[in-house]
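First up is the structure itself, then whatever we jot down about it.
The values are calculated or read from the model by the stated rules, or taken from the named source; none is laboratory data. In this text the structure is predicted, and so the values were computed from the model without any measurement. Heads up, the Cβs are rebuilt from the backbone with ideal geometry, glycines too, and the neighbour counts pull from every protein chain shown.
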Amino acid sequence: MFSFLSFHDWIHQVIHTVLLKFISGYDFIFTPLFATTEIIIPNEILTDILLRLPPKSLLKCMSVSKSWHQVISSPDFMKTHLKLKTDQLVLFPGINGKYKFCSLIPLFNKQQIAQELLLIDSPNLKVFFVGSVNGLVCLCNYARETYIWNPTIKKSKKVLYPKLGTSFYNKYGFGYDESSDDYKAVFVDYYRNSYNDDVSKMKTVISIYSLRTDSWTILHDELQGVFLLNHSGKFVNGKIYWAASTRIGNYDVYNIISFDVAEETWGSLELPSCGEVNSKFKFKLGVVGSDLSVMYICYLGTATSDVWIWKDCSVSWMKLFTIEYPQNTVLVMFSALIFTFSIHLSQSEKGDILLSLPGLIMIFNGSTKRLEHTADVDGCNPAETYAESIVNPLMISDKNSA
């Protein structure tokens, strides 16, 4: 049974441990109490200590006292805590919306991929992944029921989607506007006026949901002549990105389309210059760490892919490395351009490369860049990473705080 006294003692042990690292830089006041010595911690030091605790420990700390709860739940505290490095978790979308998760680090251990996965309950069993930022995960199902969910604190907000009719194609994304501390979901719907695949003859409707205002903005025909390829956009440095084509059914990537979450404006990026462009060139959109990336393959018969990244502060693409794999895996890697990829680099000296694709994880040797191990995962969507946080989607809306 939970004991508040034992938990209170545990909290003080944590504080005392952390204080040892800071004691040389601060002066403390010691007050005798019941023949014992207790530390009276100034608020600024208490905040400094709490900022170094993981989210799950902070949830427990919120129940210690009203003053602790007030400190931890303040917007400034949450923003600062998000900027500190936290353990990256990997979310595996399974069959029928059942999710599993584990820490990113054990995935580089080839023997632990299956053993480390833990089951987690999502708000709805038939939802798929839209995007994740600051510990919030956006999920949606084919009935357009949308959820903004924090798996760490097990809180979710159901979003009522405006009924606009049935579209032939739909794309989506999820991102964060730091300037207004707002989270936004973006849905792009294509409506056919005829049975040809000319994008210019299709009606597009863009729906933007703001968690801060708990409201929708509906825009018409802003993406005429542009067909977004990947179902879910990748959020990187304030923008959501999709690979794009000029015709429906043509999966050759012509450029990359971006949506600025703060300004709610659209832009584009040219593809990296990889030699003579022809119909056999294939690009796949994804991320490497926190950078926008594309994987490029020249011919389907080759067994290498170039990995390029786009630095937000730069004006051009940079080739990062070339990975090598057996020829029979190339169809797996590039057959579903509607799905994105993610690459993570091990922090060890070896620097292994972990590539996440739909239903598959591939680990490459950091030195040779050759494939060393593959592991199948349930579901047809790629695994996605998220950072644990205490951001509560139910408390962000201005309507809730009014």
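General remarks:
- Of D182, D221, all but one fail to be among the acidic types (D, E), out of contact with any Asp or Glu (no Cβ under 6 Å at 6 or more places or on another chain) and more than 23 Å from L394 (Cβ to Cβ); the exception is D221.
- Looking across the stretch 39-61, the residues that are surrounded by 17 or more Cβ atoms within 10 Å (Cβ to Cβ) and under 26 Å from the mean Cα position of the chain (by Cα) come down to L50, L53, P55, L58.
- Where strands (runs of 3 or more DSSP E) sit wholly within the stretch 239-337, those with at least 1 residues that are in contact with a strand residue (DSSP E or B) (Cβ under 9 Å, 6 or more places away or on another chain), among the hydrophobic types (A, V, I, L, M, F, W, C) and at pLDDT below 80 occupy 291-297.
- Residue pairs meeting the criteria (Cβ under 7 Å; at least 6 apart or on separate chains; first not assigned by TED's automatic domain parsing to the domain that holds A262, in the stretch 213-227; second outside any loop (DSSP other than H, G, I, E, B) and among the hydroxyl-bearing types (S, T, Y)): none
- Entirely in the stretch 100-142, the strands (runs of 3 or more DSSP E) that have 3 or more residues that are modelled with pLDDT under 75 and among the acidic types (D, E): none
- Taking (1) in contact with a helix residue (DSSP H, G or I) (Cβ under 8 Å, 6 or more places away or on another chain); (2) over 23 Å from L89 (Cβ atoms); (3) surrounded by 14 or more Cβ atoms within 10 Å (Cβ to Cβ); (4) of a type outside the set (F, W, Y) in turn, T152 satisfies each apart from (2).
- Residue within the stretch 343-354 that is closer than 19 Å to F235 by Cβ, modelled with pLDDT of 85 or more and not β-branched (V, I, T) present: yes
- Residues that are surrounded by 17 or more Cβ atoms within 10 Å (Cβ to Cβ) and either of a type in the set (V, I, T) or part of a loop (DSSP other than H, G, I, E, B) (or both), drawn from the stretch 168-189: V186, V188
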